[in-house]
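To keep things clear, I will list the structure first and then write my remarks on it.
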Amino acid sequence: MAKRSSRGDSSSKSRKSAKIEDLEGDVEVGTGERLTSNQGVPINDDHNSLKAGDRGPTLLEDFLLREKITHFDHERIPERVVHARGSGAHGYFELSESLSDYSRAAFLQEPGKRTPVFVRFSTVAGSRGSSDLARDVRGFAIKFYTEEGNFDLVGNNMPVFFIQDAMKFPDLIHAVKPEPHNEIPQAASAHDTFWDFISLTPESAHMIMWVMSDRAIPRSLRMMEGFGVHTFRLVNADGKSHFVKWHLKPALGLKSVLWDEALRISGADPDFHRRDLWEAIETGNFPEWEVGIQIVPEEDERKFDFDLLDPTKIIPEELVPVTPIGKLVLDRNPDNFFAEVEQVAFHIGHVVPGIDFTNDPLLQGRLFSYTDTQLIRLGGPNFHEIPINRPIAPLHNNQRDGVMRQMINRGRTAYDPNTLADGAPRQATAAEGGFTSYPERIAAAKVRARSPSFTDHFTQAAMFFHSQSEIEQRHIVNALRFELGKCESEAVRTRMVYVLSQIDDGLANDVATGLGLKVPKKIDGPLNANVGADTDPRRLQPKKFTGTPHDSPPLSIVRSAKPGMETAKVAILVADGFEAADVQALRQAIESAGGMAKIVAPHGGTVASAEGDALPVDFSLPTVASVLFDAVCVAGGENTVAVLGADNRAVEFVEEAFKHCKAIAAVGTGVEFLNGTRVQKGIEGGDPAVVTGSEGAAKKVAKGFVEQASQHRNWDRELQTLPNG
Ligand code: HDD
């Protein structure tokens, strides 16, 4: 039965958390009800339209058919212009440190306080149905349902952005989206228009290093960082302001996949990230992040050699450490994807008292864009009434009517000031929690211009590149070779290689070699095309980076790796006649380390052990690939060599796991099977992440395997034994 909401006043006192059942609106429970029309009329036959005779024609009178088809015809709403592909979950933010010295926001005062949240993760470039594993920035948008209203932190998994001024956002997005003449390629930046724009926009250099790094192909949404990107303000009860940058660090550590793997995953399971998030929450492995902030006193605004208002810059953690302030936990999947994940409307301008903006020109432009977007996407100005968007704080104002208005406002006054309603709703004083904007002093000429303090585009790009481990640098080079290799225009490729040479000559040379190009000594015209038509082109031209780069280890996934295999998915490859003791030892070791063991066999159903016991198969080989697992084990058994050795899919399974630097274990005849594959090279070369043992040694193998799988990958394997590429 549908639950009816109390209508008329949105200040429902009973709403404590963001659970959809608690929000006003009708919730369909979905068990035992009778089928009805949208008018509540019970339906007797939902299989046949109303016809003149059982061979037709269908009658216009059939109001049930017409209602059903009409609703169906209108099921789609415009997808997001950017960040169309997403997945989301409910959870909470728990404060661990009071921020009362910095902010008056109610949800930041009492340690231990929990605030309900809804989080939506996304890719940027692809459309709704695109693959999760595109090389792309990931959106990380959090709606905090605080008692003072909703606060949205609409961030990404990278702490910088491509451009400095919102004026260029439509150009950036037009350049990265599929090319307009043929709508190719989907969810990919590897094409001419993107690199044409980027090569003319050197302010993107730092962001390009991030997007070409493994950060752009995360192993899981649960294993990536989140950043608010812009410098924001926190304002305390005395009106004192501090600059802040928001950070989220995943409890499971940062992990990524390889590009070759990403390509395979896109085919094997395009919902890889969405499924992973869903399954983790369903199995009680709640994704968790440490939330932190970098705090800069107002008086220190100009002490850095970059501008705090420039969204292409980070504050290196060595200069201002991240102060942990709490944790974000996601513990509930949505009930309905459309109602929640699709209709959630984020806006960087949704702030609460105690949180305020800076003049970052990208942030300022975003303040306009988000409401405008919701108007077109969700159809009108009442999108805040959709359950997922409703604040848990009471809502009273004189806004009225509009498309799909849900609230039935009582009374005759819809204006302020009034006497007829005793002046209600009245403004709140600051002491009562009324929002007051930070009174930043501004004395300036009105100009279309960019600050010269925004001109250094290469110092932090070089810092990022040099802070990476050897393998990560190699991945950046390979990513650039792939992306630029897909560009048809040699002029674009050459120009881009020149831009790279402004960051680092070695990087530019390596990329150029892969493209069969030479790095040009100079290019025609100015490097920075992002200047006004009448601006002196020498102004705002960035300089090549020539100094010693700052080394910031937290920028590297490998250097800041957190060992462990919690929630790692491990395939145990078996054939009929397998050694039950092997499976048991491996499974026990994997599960006690927090991993998940999955039985993979040539066929579905069950497999029989040497003793004849049946073991349920989780996945049959035709339905999976080893790219969907973090590590692979092979159990011994009388048929292991004959059956798995003769099965191309089994051979490919272990060879790919080897190629992707994953830990591999084998016991008894499992080792013989591996010796017939490319993994033999690893065994012979003493690769520590290929752990083998003879029959009966399963426990020892399992122990060694868990140690190796806890390292996530053996990157040395790629450096030493696998060809570059
Ligand atoms: Fe944006 C969506 C993050 C710059 C205009 N943006 C959107 C989402 C995220 C971000 C995570 C998806 C929210 C969701 O899940 O529904 N955007 C960013 C970050 C930026 C950024 C971190 C730079 C620091 N965005 C940016 C600019 C503009 C926009 C400069 C326009 C001037 N963004 C939009 C939008 C979207 C959006 C067109 C599309 C769907 C939506 O807003 O609700 O308004």
Rounded if a/c under 1.5, otherwise prolate or oblate - segment 294-430, Cα gyration tensor axes: prolate
Fully extended contour minus Cα-Cα distance, from Asp613 to Thr548, at 0.36 nm per residue: 17.0 nm
Greater than 18 Å apart at Cα, pairs in Lys303/Lys544; Lys327/Lys569; Lys255/Lys662; Lys662/Lys703; Lys303/Lys543; Lys168/Lys249: Lys303/Lys544; Lys327/Lys569; Lys303/Lys543; Lys168/Lys249
Label point distance in nm, Asn418-Arg377, each placed 7 Å from Cα along Cα→Cβ: 3.3
Inter-site label distance for Ala533 and Glu298 at 7 Å from Cα along Cβ, in nm: 4.1
Gain on full stretching of the segment that runs from Glu67 to Gln427 - 0.36 nm per residue minus C-alpha separation: 125.1 nm
Residue-level accessible surface for Glu470, protein heavy atoms, 1.4 Å, Å²: 130
Mean-position separation - Cα centroids, segment 356-411 and segment 156-216, in angstrom: 29
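If you take every DSSP beta bridge whose two residues both sit in the chain, what share of them, in percent to the nearest 5, is antiparallel?
Values: 62 of 81 bridges.
Counting only bridges with both partners in the chain, antiparallel ones make up about 75 percent.
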Contour excess over end-to-end distance, with Cα ends at Leu60 and Arg410 and 0.36 nm allotted per residue: 122.0 nm
For segment 455-555: rounded, prolate or oblate by the Cα gyration tensor [a/c cutoff 1.5]: oblate
Exposure ranking of Lys313, Lys113, Lys518, Lys446 by accessible area [1.4 Å probe, largest first]: Lys446, Lys518, Lys113, Lys313
Helix-only [θ]222 nm of the chain, DSSP H runs n ≥ 4, -39500 (n - 2.57) each, per residue, nearest 500: -7500 deg cm²/dmol
Tensor-based shape of the chain (alpha-carbon gyration tensor, a/c under 1.5 rounded, otherwise prolate or oblate): oblate
Segment 308-351 versus segment 440-516: alpha-carbon centroid distance in Å: 26
Cα→Cβ-extended label distance, 7 Å offset, between Glu695 and Arg128, nm: 5.7
FRET efficiency for Arg649 and His174, using Cβ-Cβ distance with R0 set to 45 Å, rounded to 0.05: 0.60
Centre separation in Å (Cα based) which lies between segment 624-670 and segment 98-123: 46
Trypsin sites (Lys or Arg not before Pro) lying in DSSP loop within segment 321-400, provided at most 13 other Cβ fall within 10 Å: Arg400
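The values are calculated or read from the model by the stated rules, or taken from the named source; none is laboratory data. Owing to the predicted nature of the structure, the values given are computational and were not obtained by experimental measurement. With ideal geometry, Cβ positions are generated from the backbone for all residues, glycine too; neighbour counts draw on all protein chains shown. Just so you know, the surface numbers come from the protein's heavy atoms only, side chains and all, with ligands and any DNA or RNA stripped out. Shrake-Rupley method; radii C 1.70, N 1.55, O 1.52, S 1.80 Å.
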